Amino acid sequence: MFRPSVTLLAFSVGLGLAYTDTFSNDLPWTRHVIDNSSRGADGVKLGHLNNDGLIDLTVGWEEGGLTRVYLHPGKEAVTEMWPATTIGATRSAEDATFVDLNRDNILDVVSSCEGNEQALYLHFAPNESDILKGEKWTQRPLPGSVGMTRWMFATPAEINFGGQSERLLIAGSKDPNGVIGFWKIPKYPEDPAGDWSWRPLSKAGWIMSIIPKDMDGDQDIDIFFTDRKGDTRGAYWMENPGSIDRQWDKHLIGGSNEELLFSDLKDLNSDGLEDLVATAKDNRLLWWRRLDRSGKSWELEEVEYPKFSARAKAVAIGDIDGDGLPDLVANCESADPPLQGVFWLRQSKNKPPKQWKATGISGPEGVKFDRIELVDLDLDGDLDILTCEEHHVVGQKRMGLGVIWYENPF
């Protein structure tokens, strides 16, 4: 557990004097470590592994070359290290996500590996009583994925096509051979020779976010994504064609001249329409306000990161202070001290986001953060901040802070 020190207070006061229009002198939020046993914790995904109603996690450790799962220990022990196990060896793991592959009502995991590994790995869960026995999990590569491309992210979706529901694993990668598309989950996914059919939807440079979402209000699931690099960069959504065999139309929301990273789709201005907020290099938040339900009409507003922070990485939308207004939580990479790697923007009613107050959360500890989940981990009724940090120096080595969460003081 992390507790503020006199040194951190000095950093906070100094930064407050330099940026008094947006920075609060409040102490950093209390940081709790879920796991710091390996290196390069990259992304965190939520699920219910043991059906106790509490949020469980899975994380890929890129430098450590493994994938792990975590069981929520309950309210009384939530600030301690969580019960965990390694479920597979996954070199260059960029992402891990939960999905019930074999329909046994126990979540399995899919790991996305880039680098020289270039494979999607399927991790099949054992019986619920053996979840924390790593040797009971079964790992195998997804047939057809090996050597295809540098896989970045995967997310499951059950999508209706003209009355027929299909279970899909939407996956994206980065160059070489960058692509976004989906795998149709077969009836017997545990069969090493299973019929995993691949359907590419679009070339890509570097996929960062994938969100299955009804983007045009027609009651079926479309696919939203952000592409970071190359001629295909931007924020897009692919329109469900009503048949799994038809061409998906690709709609640009914006950002074709930007380097977009992580994003979130929620109603930021409380007008009943879901907006898009994405981070953009080097240090901006881009808010595309949705103007109607068609998904084809958006208005852009830019917000600069505060001066006490660093290069943009991830953003999430949620009501942090419980005032009924959605706020923005963002983080950074290259946040060398005294810069802060995690902060939030408190929404001011009837004011544009560039006038919202920015407040540091992390203090100077933590350099390279990753995607954010806003979730009530300590069960006290407010949203905490769950994330990973990869490059914090421990004992003169970039070990990283690991899988961590910041306790909401409100």
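The values are calculated or read from the model by the stated rules, or taken from the named source; none is laboratory data. Model, not experiment: these values are computed from the prediction. Don't worry about glycine lacking a Cβ; one is built from the backbone with ideal geometry, like all the others, and counts go over all protein chains shown. What goes into the accessible areas is simple: the full protein's heavy atoms, side chains included, and nothing from ligands, DNA or RNA. Shrake-Rupley method; radii C 1.70, N 1.55, O 1.52, S 1.80 Å.
Per residue, the chain exposes an accessible area of 40 Å² to a 1.4 Å probe, with every protein chain left in place. Amide H contacts under 5 Å for Phe182: Ala171, Arg199, Leu201, restricted to partners 5 or more places along the chain or on a different chain, H placed in the peptide plane at 1.01 Å from N. Assign one of three labels to segment 146-257, namely rounded, prolate or oblate, based on the Cα gyration tensor with a ≥ b ≥ c the square roots of its eigenvalues; rounded applies when a/c is under 1.5, prolate when it is not and a/b is larger than b/c, and oblate otherwise. Judged from the Cα gyration tensor, segment 146-257 comes out oblate (a/c at least 1.5, b/c at or above a/b). Loop-located trypsin sites (Lys or Arg not before Pro) in segment 309-364 (DSSP state not H, G, I, E or B) with no more than 13 neighbouring Cβ atoms inside 10 Å: Lys349. Phi-derived couplings, Karplus 6.51 cos²θ - 1.76 cosθ + 1.60 at θ = phi - 60°, listed residue by residue for segment 275-280: 9, 10, 10, 9, 8, 9 Hz, with x used for Gly and Pro.
Accessible surface of segment 177-318, 1.4 Å probe: 43 percent of it comes from carbon and sulfur atoms. For the chain, the relative contact order works out to 13 percent when only alpha carbon pairs closer than 8 Å and six or more residues apart are counted.
3J(HN,Hα) along segment 383-400: 8, 8, 10, 10, 7, 10, 9, 9, 10, 4, 7, 10, x, 6, 10, 7, 7, x Hz, from the Karplus curve 6.51 cos²θ - 1.76 cosθ + 1.60 with θ = phi - 60°, whole Hz, x for Gly and Pro.
Dividing the radius of gyration of the alpha carbons in segment 261-410 by their Kirkwood radius gives 0.98 for Rg/Rh. Take the Cα of Val146, go 7 Å toward its beta carbon, and the backbone nitrogen atoms of segment 169-195 under 12 Å from that spot belong to 192-193. As a fraction of the 1.4 Å probe accessible area of segment 48-156, surface on carbon and sulfur atoms comes out at 44 percent.
Which stretch or stretches of segment 135-168 have amide N atoms under 18 Å from the point lying 7 Å from Lys187's Cα along the Cα→Cβ direction? Residues 164-168 qualify, since their backbone N sits under 18 Å from the label point. Separation of segment 143-221 and segment 295-360, taken as the distance between their Cα centroids, equals 30 angstrom.
In the chain, helices alone account for a calculated mean residue ellipticity at 222 nm of -1000 deg cm²/dmol, with every DSSP H run of four or more residues adding -39,500 (n - 2.57). Over the C-alpha atoms of segment 42-201, the Rg to Rh ratio, Rh being the Kirkwood estimate, stands at 0.97.
Looking at segment 147-222, the trypsin sites (Lys or Arg not before Pro) that sit in a DSSP loop and have at most 13 other Cβ atoms within 10 Å of their own Cβ are Lys187. Over segment 238-341, the pair-distance histogram of Cα-Cα distances with 10 Å bins from zero comes to 14, 39, 31, 13, 3, 0 percent, rounded to whole numbers. Multiplying the residue separation of Asp380 and Gln355 by 0.36 nm and subtracting their alpha-carbon distance yields 6.0 nm. Seen from all directions on average, segment 139-182 presents a Cα convex hull projection of 3.7 nm². Candidate cross-link partners of Lys349 among the aspartates and glutamates, defined by an alpha-carbon separation under 17 Å and a same-chain spacing of 8 or more, comprise Asp267, Asp271, Asp275, Glu301, Asp319, Asp321, Asp323, Asp327. For the residue pairs Lys174/Lys368; Lys203/Lys281; Lys45/Lys296; Lys45/Lys266, the alpha carbons lie more than 25 Å apart in Lys45/Lys296. For segment 22-100, the spread of Cα positions along the three principal axes, ordered from largest to smallest, is 43, 31, 22 Å.
When its C-alpha radius of gyration is set against 2.2 N^0.38 Å (N residues), the chain gives a value of 0.95. Using only alpha carbons, segment 211-252 has a radius of gyration to Kirkwood radius ratio (Rg to Rh) of 1.00.
Counting only aspartates and glutamates at least 8 places from Lys229 when in the same chain, those with an alpha carbon closer than 16 Å to its own are Glu114, Asp175, Glu258, Glu259, Asp282. Largest GNM mean-square fluctuation across Ser263, Ser129, Ser334, computed for the chain with C-alpha springs under 10 Å, falls on Ser129.
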